[in-house]
1. Would you mind getting the accessible area per residue of segment 24-75, heavy atoms of the protein chains only, 1.4 Å probe, in Å²?
2. Please report the antiparallel percentage of the DSSP beta bridges confined to the chain, to the nearest 5.
3. Pull out the extension gain between Val45 and Lys61, defined as 0.36 nm times the separation in residues minus the alpha carbon to alpha carbon distance; nm, one decimal.
4. Of Ile25, Ala10, Val55, which is farthest along the charge dipole of the chain in the positive direction, counting Lys and Arg as +1 and Asp and Glu as -1 at C-beta?
5. Taking only C-alpha pairs under 8 Å that are 6+ residues apart, what is the relative contact order of the chain in percent?
6. Helix 49-61 against the longest principal axis of the chain: what's the angle in degrees, Cα atoms only, rounded to the nearest 10?
7. Based solely on its DSSP helices, what 222 nm [θ] is calculated for the chain when runs of n ≥ 4 H residues each add -39,500 (n - 2.57) and the sum is averaged over all residues, nearest 500 deg cm²/dmol?
8. Scan (1) 2.85; (2) 1.06; (3) 1.19 for the value of Cα Rg over 2.2 N^0.38 Å calculated from this model and give just the label.
Amino acid sequence: MDIQALATLAEEFSYAWDGKEDGWILIGDPENPLIFNRNNRQALVIEDNHVNAFVIEKMRKSGVNHFLDAPPPQG
C-alpha cells in the first residue's frame with residue numbers, strides 16, 4: 001500500500017491527533033503502543049496494521065503523549 005493510500009485511510013482517525021477530540025494518548029510498548037482515550041477510557045482498535053502504524057506515527061509527530069505504563073490521573 002502506498003503512502004497516499006495510507007494517508008487517505010488514516011484520515012478517518014484524524015481526531016486522534018488533530019485536537020478535534022481531547023484525551024487521546026499512546027500507552028505501552030514503544031514499538032506497538034495502544035491508542036487510548038483517557039477521557040472515555042476506551043481503546044481505539046484499527047484492524048489494518050499498516051493504517052494503525054500510520055496513525056501512531058501521525059500521533060507522535062503531532063506531540064500526543066506516550067506513557068509506558070498507565071497514564072497519570074487527569075485533574
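1. Numbers: 3440 Å² over 52 residues.
I get 66 Å² per residue for this part.
2. 80 percent
3. Numbers: separation 16, 0.36 × 16 = 5.76 nm, distance 1.96 nm.
Here the segment from Val45 to Lys61 would lengthen by 3.8 nm.
4. After comparing all options, I get Ile25.
5. On the way: 82 pairs, mean separation 25.8, N = 75.
That works out to 34 percent.
6. Helix 49-61 and the main axis of the chain meet at about 60 degrees.
7. On the way: 2 runs with 21 residues, N = 75.
Dividing the helical sum by the residues of the chain leaves -8500 deg cm²/dmol.
8. Correct label, based on the coordinates given: (2).
The values are calculated or read from the model by the stated rules, or taken from the named source; none is laboratory data. Keep in mind that what you see is a predicted model, and the values were worked out from it rather than measured. With ideal geometry, Cβ positions are generated from the backbone for all residues, glycine too; neighbour counts draw on all protein chains shown. The accessibility values were calculated without ligands, DNA or RNA, using every heavy atom of the protein model including side chains. Shrake-Rupley method; radii C 1.70, N 1.55, O 1.52, S 1.80 Å.
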